[in-house]
Amino acid sequence: MKRPVATEQFELGVCYYPEHWPEAMWADDYRRMVETGFTVVRMGEFAWSVFEPEEGKFQFGLFDRAVDLAHSYGLKVIMGTPTATPPAWLTEQYPEVLNVTYEGVTLQHGMRRHYNYSSPKYRELCAAIVTKLAEHYGNHPGIAGWQIDNELNCEVNEFYSESDHLAFREWLQHKYETLDKLNEAWGTVFWNQTFTRWSQVHLTRPTPSPKQPNPHQALDEKRFISYNTISFAKIQADILRELAPGQWVTTNGLFGHLDSHELNEELLDFFSYDSYPQFSSIYFDPAEENPLRDRGWSLSLSAVRSISSNFCIMEQQSGPGGWVNRMDMPSPKPGQMRLWTYQSIAHGADMLLYFRWRTATMGNEIYWHGLNDYHNQPNRRVKEAAQIGKELAQIGKSIIGSVTQASIAILRDYDNEWDGEYDNWYGPFMWQSNKEWFKALQHKHIPSDVLYMRSSTTLEELSRYEVLVYTHPAIMSDETAALLDQYVQQGGKLVFGCRTGYKDTRGQCYMRPFPGAAQEMTGITVEEFTMVKGTRQPTSISWSHDADILTGADAFNDILHVEADTVEVMGSYASDYYAGKPAVTRNKRGQGEVWYYGAVFNEQAVLQMLPALGLDSPAADWLELPPQVELQIRAGADKSAGSLTFLLNYSEEPAELLLKQPRTDLLSGQTLSGAVTLQGFGVLVLQ
Ligand code: GAL
């Protein structure tokens, strides 16, 4: 039975590092945290050397005092297990715990996450420290729960130490049993890679051309890393479950080469996420039309929600962010931190902690600003946090436990994400297309979910949505295709993009017409296909409902051929030698329909499809919104009890709304109707 994120109140708090500050400051810090409206504080996640200064010599004095004092102020403590930063004595004594790069370079002490998950010694030492911590704090009334490690697979998500090679081999032996089966799955007959002894099998290694390993091996490697990360975390989760049965367990994600759904399902009470919307300013592409910027974080939050419908934001950006020499992010403007807080809440957060209480005066993160500045005097960000604290103390109880509502989901799956990381012929398309779909839905105020296709996914889960969009699932098993087809037969609408269905779960290509496993349900085949780049001129699609509307047929073109008489051509290529050939089709099937879009999606193309898919804003009857305002809805299990509509203005400029029915804004307590101005970065929570 999993514990909920919050039951009594919305839990608001902050990350704190008592070991970084003179003890004389703690009481004042806690007092001001409580004044800010904080109820929860995370600590300990990098403090291994404080807990165990020498191997086997444990001491808890500093954290006992820090936890007890926090408790005396009524703050609940989240204790981090410190395994993301093994101490210097440990790496010196047992260098085999260190991680090694693909090229074979050992990554030394001096940053963090400098370890591998496979070393039996590291696993043993982690088990020892976590056991001691759990024995010591497992019954402490001030400890609410635990965070395992910190950001598993952040910074590094590849591991090539000797222990990793051995563990991979063992995992393969378990998976394939015989070398013959492994040889077949990896297609080793190609380029004479056939293995004749298990000792020849390794994780991918440098080859004559840089980073171009066997693709099937590369896919299995990522599956193994995920498995191995979970098995590493499981050691800690098992100890905590046994020794701290009254406290919850979480960890903060979401990173590569890790099936976070499985991690959460098997080990955690709920998932946590670290939300830094200002990363959008680092990855900003000036060429992108209509960029979502910080609002794009809502797509990541939707992925988090697919893991755990209600979650904790373990770290929420609370200032300008940067390390000494990278990630130089602008400061949040007045109101922006509050906006991002409600963004997290609108998407399902029931607990949220700012990172961090005070900016570090030393180390790599001196520019990763917390709420307080080095000088520790009152500032704008602390004030803004106090406003949020006050608001959530009042309205938090009406929010927690409710879940977001959506009629469309963007489907994803780990196999395609991992295989697509290497395979340029479809991998990058998924991120592009998902973003463009999300953008179009956001601008039309149609809330969406992310849903992961997994071996355990049921028809019931799919059927909650009127529309499913699976942009470029190159890997598709016949079982997955059959499940999706059932969804359609029952009335679901399913949309695919180019490069669908042509690979099996080994990553090998089917000897069938494209779209392979999805051929029957789409009712089309792909006559020809091409990348659209380099010397190829961009192509476009002309839409059947209005031939004058042209949208770009981006990046890749599948030239379609209609096979079934239930298929309607919705759009055709408007240029190149395949002008006039079908580019977008819709197959009526059972009660539902399957769309095939032959290119990589862009917002303009999605906007052409939305009306035909019957999608509209759930608030269309009573609310008119400009595009810069995000709409999200959370409702309790009993929907007749009403729902909460979150409106978030990402623009610095005021937004004009029209409420055709009166609604109460929980934040101000005011009843609003008619023309309403939502201030720049403003938020409304309408009931
Ligand atoms: C997170 C991490 C924190 C801190 C923060 C700012 O990824 O969990 O420990 O490093 O970023 O860099």
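Nothing in this text is a laboratory measurement; each read-out follows from the coordinates by a stated rule. For clarity, every value in this text was computed on a predicted model and none was experimentally measured. Backbone-built Cβ (ideal geometry, glycine too); neighbour counts: all protein chains shown.
Observations, loosely collected:
- Cα-derived Rg to Rh of the stretch 531-655, Kirkwood definition: 1.10
- In a fully extended conformation the segment linking Ser643 and Phe284 would gain 125.8 nm over its present Cα-Cα distance, using 0.36 nm per residue.
- Annotation: the antiparallel percentage among DSSP beta bridges lying fully within the chain is about 55.
- Counted by neighbouring Cβ atoms within 10 Å, the residues His443, His109 run from fewest to most as His109, His443.
- Listed residues Ser673, Ala218, Thr566: farthest to the positive end of the dipole of the chain (Cβ charges): Ser673
- The residues packed around Val488, meaning those with a beta-carbon under 13 Å from its beta-carbon, carry a net charge of 0 if Lys and Arg are +1 and Asp and Glu are -1.
- GluC sites (Glu not before Pro) within the stretch 131-184, DSSP loop, no more than 16 other Cβ atoms inside 10 Å: Glu155, Glu177
- The stretch 408-609 - percent relative contact order, Cα under 8 Å, separation 6 or more: 21
- Applying 1/(1 + (r/R0)^6) with r as the Cβ-Cβ distance of Asn157 and Val569 and R0 = 56 angstrom yields a FRET efficiency of 0.85.
- Each part reduced to its alpha carbon centroid, the stretch 250-289 and the stretch 324-390 end up 18 Å apart.
- Model label sites at Asp28 and Glu55, defined 7 Å from Cα along the beta-carbon direction, differ in position by 4.2 nm.
- Here the extension length gained between Trp425 and Glu184 equals 84.5 nm, from 0.36 nm per residue of separation less the Cα-Cα distance.
- Here the Karplus relation 6.51 cos²θ - 1.76 cosθ + 1.60, evaluated at θ = phi - 60°, turns the backbone of the stretch 182-189 into coupling constants of 4, 4, 5, 5, 8, x, 6, 4 Hz, with x for every Gly and Pro.
- Overall shape: oblate for the chain, with the ratio a/c of the largest to smallest alpha carbon gyration tensor axis at 1.5 or above and b/c at least equal to a/b.
- At an R0 of 56 angstrom, the distance between the Cβ atoms of His20 and His545 translates into a FRET efficiency of 0.35.
- Charging the Cβ of each Asp and Glu at -1 and of each Lys and Arg at +1, and nothing else, the dipole of the stretch 623-686 about its Cα centre rounds to 300 debye.
- All other residues whose Cβ lies under 14 angstrom from that of Val676 are scored, Lys and Arg at +1 and Asp and Glu at -1, for a net of -1.
- Loop-located trypsin sites (Lys or Arg not before Pro) in the stretch 432-486 (DSSP state other than H, G, I, E, B) with a sparse environment of at most 10 neighbouring Cβ atoms within 10 Å are absent.
- Note, ³J(HN,Hα) from phi for the stretch 394-401, Karplus 6.51, -1.76, 1.60, rounded to Hz, x at Gly and Pro: 7, 10, x, 4, 6, 9, 4, x
- Computed extension length for Ser231-Cys509: 97.0 nm, one decimal, from 0.36 nm per residue of separation with the Cα-Cα distance subtracted.
- FRET efficiency estimate (nearest 0.05) - Cβ-Cβ, Lys211 to Glu124, R0 45 angstrom: 0.85
- Calculated mean residue ellipticity, 222 nm, the chain: -9500 deg cm²/dmol, from DSSP H runs (n ≥ 4) at -39500 (n - 2.57) each, averaged per residue and rounded to 500.
- Each label was represented as a point 7 Å from its Cα along the Cα-to-Cβ direction; for Ala620 and Ser651 these points are 2.3 nm apart.
- Charge tally in the Cβ shell below 10 Å around Gly253, where Lys, Arg are +1 and Asp, Glu are -1, Gly253 excluded: -2
- Beyond 30 Å in Cα-Cα separation lie the following of the pairs Lys333/Lys439; Lys503/Lys639; Lys639/Lys660; Lys57/Lys222: Lys503/Lys639; Lys57/Lys222.
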